[in-house]
Amino acid sequence: MATAVAPAARPGRVKSFLKLVAIEHSVFALPFAYLSALTAMQVNGGRVRWGDLLLITVAMVGARTFAMAANRILDRRIDARNPRTAGRELVTGAVSVRTAWTGAAVALVVFLAAAALLNPLCLVLAPLAVIPLVVYPYGKRFTDWPHAILAVAQAVGPVGAWLAVTGTFAGSGPAWLLGAAVGLWIGGFDLIYACQDDEVDRRIGVRSVPARYGRRFALHASTVAHVVTFALFIWFGALVGFGWPWWIGLALTAVAFGYQHVVVTPTDLSRVNRAFFTANGFVGIALFVFALLDLVIRLDLRA
């Protein structure tokens, strides 16, 4: 007598959606938003405002979730034609387009609500912050440099976190430096990441620097972007008066940047993911931890 085998349970829609947007990767964007916010607090009174940090966290996660969902929705037909991305949830049907749009809408509302609770300036600017998040997925359809659009989208985080604390553009120069550094850092890595798909992109008509100019040029451009990133981190630290912990963190960051550019070559892309999860994760965490150590010495942590 045959034994019936129960079908494997499918993950719930919420769980599948969170996998679609890689919610766990939010940790990579948060350190620099926290760094900007805490620096603004140190400059403006020297006291931590825990409520603002909570709202900044909610806003950042909401914005990133919306961006990832929109990216996956708008790119689902392109993803289906690329063997590397053909297993994504919208391609396989694990997540429906309707569910993805619903999740994106909820994330957008959460972002806008958090911005409104922070201060009027954040609420007014929030719709502008959404623009590069939506334009980026379309970038690969009309420019060979979609990585620059991603850089702009990533630069918004530190600037927004500073404005969330201060409610004014006055004195926000350090935030713009940090935002530019973060944007170039992520945009530079996107140049590396896009090398994986250069051949497929050329075949299906997707535009990128590696597809247009080749892997070697893209990797050289990434190196230049990261050299400028490092210079901006130095400028930021000097401008806000960070002490020795920041400079130790920056020295470790230099090692991580170097590692990232050594392990990925035009003829060997097998360690791109290691560069992303190891090097990029380390850069964000190391800089934040050492900057936090410096700030803790000077900040009043009382609620």
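What follows is calculated from the coordinates using simple rules that are stated; it is not laboratory data. Keep in mind the model is a prediction, meaning the values are calculated, not measured. Cβ atoms come from the backbone with ideal geometry, glycine included; neighbour counts cover every protein chain shown.
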Helix 146-166: inclination vs the chain longest Cα principal axis, degrees, rounded to 10, gives 40
Starting from the Kirkwood radius over alpha-carbon pairs of region 23-298, derive D by Stokes-Einstein at 10 °C in a medium of 1.306 mPa s and give it in µm² s⁻¹. 82
For S36, S222, which order do you get if you count the other beta carbons within 10 Å of each Cβ and list the fewest first? S222, S36
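Find the relative contact order for the chain and round it to a whole percent, using C-alpha pairs within less than 8 Å whose residues are 6+ positions apart.
Numbers: 405 pairs, mean separation 63.5, N = 303.
With pairs under 8 Å counted, the relative contact order is 21 percent.
Region 45-112: D in µm²/s via Stokes-Einstein (Kirkwood Rh, Cα pairs, 4 °C, 1.567 mPa s)? Walk me through the intermediate numbers first.
On the way: Rh = 13.4 Å.
Calculated translational D: 97 µm²/s.
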Between helix 215-240 and the chain, what is the angle of the helix's C-alpha long axis to the longest principal axis, kept within 0 to 90° and rounded to the nearest 10? 20
Can you give the FRET efficiency to the nearest 0.05 for L128 and A170, using r as the Cβ-Cβ distance and R₀ = 25 Å? 0.85
Taking the chain and counting helices only, DSSP H stretches of n ≥ 4 at -39,500 (n - 2.57) each over all residues, the nearest-500 ellipticity at 222 nm comes to -24500 deg cm²/dmol
Under 12 Å from the Cβ of I73, count the other residues' Cβ atoms, weight Lys and Arg +1, Asp and Glu -1, and hand me the total. +2
How big is the charge dipole of the chain about its Cα centre, in debye rounded to the nearest 20, if each Lys and Arg gets +1 on its Cβ and each Asp and Glu gets -1 on its Cβ? 760
Stretch gain in nm, segment L239-I285, where the contour uses 0.36 nm per residue and the Cα spacing is subtracted: 14.5 nm
